[in-house]
Amino acid sequence: MKILVHLEHDGAGLRQGSLSALSFAREVAKETGGSVQGIVLGAGLDAVAADALRYASVLVADDPALGALVAGTHAQAIAAAVESGGFDVLVGTSTSATKDTLGRAGGLLGGYMASDVVGHEVRDGALFLRRPMFAGSAIATVKLCGGPQVITVRDSSYEPSEPAETPGEITPFEVDAGALPGGVVVTGAPARSGGRPDVTEAQVVVSGGRAWKSSEDFESHVGTLADLFKGAAGSSRALVDSGITPNELQVGQTGKIIAPQLYLALGISGAVQHLAGMRNSKVIAAVNEDKDAPIFQVSNYGIVGDVYEVVPQLIERLKESGA
């Protein structure tokens with residue numbers, strides 16, 4: 001199979017999830033006798049391209065028309081690359097932005113899509129994919145019966161790729177800027193709170209739930225603890241719906257799917273929708289007043305107690321230890 005990997009980036013280098021998508025692509029290519037090539041899109045991509053070359057040969061679509069991350073625009077450029085290169089499979093990471101973009105590209109290509117893939121196997125040359133359903137309570141094995149196949153991969157399911165033994169090569173990919181869809185103008189993007197990493201990229205995520213009564217309480221407790229770990233602050237949907245935390249912090253089935261090394265759930269009961277977003281974390285620790293809260297069923301460590309009493313003690317201990 002000839003595979004094209006959409007490499008998501010931050011303008012300076014590749015995002016962690018893209019390296020997991022690349023690992024998936026490498027495994028499939030090895031099992032099918034195929035090949036892997038990456039594609040990066042944007043404007044001013046010298047640093048990104050240099051980073052990508054450490055892992056694979058890449059198509060570089062560097063054009064001012066692609067400077068803003070607009071799904072419809074990027075999708076058309078990616079679809080053109082798939083068609084011109086004769087790729088059988090288009091792969092990306094399972095972020096909201098990439099799923100939006102690759103879903104649109106699949107529509108333009110008339111392809112078939114499987115999202116949030118967590119595993120795969122090759123049988124008689126055919127690719128079978130495992131993906132969660134019903135908020136992670138079931139795992140389906142699916143086969144895409146047409147092409148090109150469009151796949152997004154959960155980064156928690158594949159280890160990030162190591163750099164290749166030999167650097168790849170850059171192939172410039174020209175886009176027809178005049179033919180790209182217009183009408184969408186990006187005027188700005190919300191800044192990350194406190195300069196913290198995004199929950200999808202952090203090794204430690206500290207999340208707060210319904211127990212927190214105000215934005216100030218959330219920041220002074222959950223935010224402070226996240227900063228001590230040099231991690232990210234996350235949130236349950238209950239806090240987002242009540243206006244206490246912004247949408248970009250939401251972890252769960254309708255938020256962001258994450259798998260950090262350590263996940264601290266503070267005042268989160270553990271509804272199935274929330275568990276679907278974080279249950280693949282390497283270590284889960286929880287604080288909740290309810291000893292029967294579902295979050296304790298998936299936790300490695302737990303404290304039954306009031307977060308307003310326990311979290312200040314955790315913060316003080318960490319400060320004393322010089323964390």
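If you go through region 222-275 and pick out every residue that is assigned to a strand (DSSP E or B), open to solvent by 10 Å² or more (accessible area, probe 1.4 Å) and hydroxyl-bearing (Ser, Thr, Tyr), you end up with 0.
Looking only at region 3-15, decide whether some residue is crowded, with 22+ Cβ neighbours inside 10 Å, farther than 29 Å from VAL185 by Cβ and within 21 Å of the chain's Cα centre (by Cα). Yes; the residues of region 3-15 include at least one that is crowded, with 22+ Cβ neighbours inside 10 Å, farther than 29 Å from VAL185 by Cβ and within 21 Å of the chain's Cα centre (by Cα). Inside region 132-153, can you point out the residues that are in contact with a helix residue (DSSP H, G or I) (Cβ under 9 Å, 6 or more places away or on another chain), closer than 15 Å to VAL28 by Cα and either aromatic (Phe, Trp, Tyr) or assigned to a loop (DSSP other than H, G, I, E, B) (or both)? Scanning region 132-153 gives a single hit, PRO148.
Remark: pairs (first residue in region 182-207, within 12 Å of PRO246 (Cβ to Cβ) and of a type in the set (Ser, Thr, Tyr); second residue in a loop (DSSP other than H, G, I, E, B) and at pLDDT 85 or above; Cβ separation under 9 Å; 6+ apart in sequence or on different chains) = SER193/THR245; SER193/PRO246. Counting the residues of region 277-291 that are under 17 Å from SER235 (Cα atoms) and of a type in the set (Val, Ile, Thr) gives 2. Residue count for region 21-50, restricted to those that are open to solvent by less than 30 Å² (accessible area, probe 1.4 Å) and in contact with a strand residue (DSSP E or B) (Cβ under 6 Å, 6 or more places away or on another chain): 12.
Annotation note: of GLU159, GLU121, the sole residue that is out of contact with any Lys or Arg (no Cβ under 9 Å at 6 or more places or on another chain), surrounded by fewer than 20 Cβ atoms within 10 Å (Cβ to Cβ) and among the charged types (D, E, K, R) is GLU159. The set of residues in region 51-72 that are part of a helix (DSSP H, G or I) and open to solvent by 50 Å² or more (accessible area, probe 1.4 Å) contains only PRO64. Would you mind finding the one in LEU127, LEU144, LEU90 that is in contact with an Asp or Glu (Cβ under 9 Å, 6 or more places away or on another chain) and of a type in the set (A, V, I, L, M, F, W, C)? Unique residue meeting the criteria: LEU127.
Are there any pairs with C-beta distances below 8 angstrom linking a residue in region 155-172 that is closer than 30 Å to PRO132 by Cα to a residue that is open to solvent by 100 Å² or more (accessible area, probe 1.4 Å) and in a loop (DSSP other than H, G, I, E, B), with the two at least 6 apart or on different chains, and if so which? From region 155-172, the pairs are PRO163/ARG54. Is it the case that region 284-291 has a residue that's open to solvent by 70 Å² or more (accessible area, probe 1.4 Å) and within 14 Å of GLY208 (Cα to Cα)? The answer is yes, given that some residue of region 284-291 is open to solvent by 70 Å² or more (accessible area, probe 1.4 Å) and within 14 Å of GLY208 (Cα to Cα). If the condition is being at pLDDT below 95, part of a helix (DSSP H, G or I), open to solvent by 80 Å² or more (accessible area, probe 1.4 Å) and not acidic (Asp, Glu), then region 298-322 contributes ARG317, LYS319.
Determine, yes or no, whether GLY178 is part of a helix (DSSP H, G or I), more than 21 Å from SER94 (Cβ to Cβ) and among the small types (Gly, Ala, Ser).
Details: part of a helix (DSSP H, G or I): yes; more than 21 Å from SER94 (Cβ to Cβ): yes; among the small types (Gly, Ala, Ser): yes.
Judged against the criteria, GLY178 is a match.
Which of the residues belonging to region 132-182 are on the phi > 0 side of the Ramachandran plot and more than 18 Å from the chain's Cα centre (by Cα)? Matches in region 132-182: PHE134 only. Answer yes if at least one residue in region 183-195 is over 24 Å from GLY92 (Cα atoms) and surrounded by 12 or more Cβ atoms within 10 Å (Cβ to Cβ), and no otherwise. Scanning region 183-195 turns up at least one residue that is over 24 Å from GLY92 (Cα atoms) and surrounded by 12 or more Cβ atoms within 10 Å (Cβ to Cβ).
The values are calculated or read from the model by the stated rules, or taken from the named source; none is laboratory data. This one's a predicted model, so the numbers in the text were calculated from it and none came from an experiment. Ideal geometry is used to build each Cβ from the backbone, glycine not excepted, and the neighbour counts take in all protein chains shown. Remember, those area values only see protein heavy atoms, side chains included, never the ligands or the DNA or RNA. Shrake-Rupley method; radii C 1.70, N 1.55, O 1.52, S 1.80 Å.
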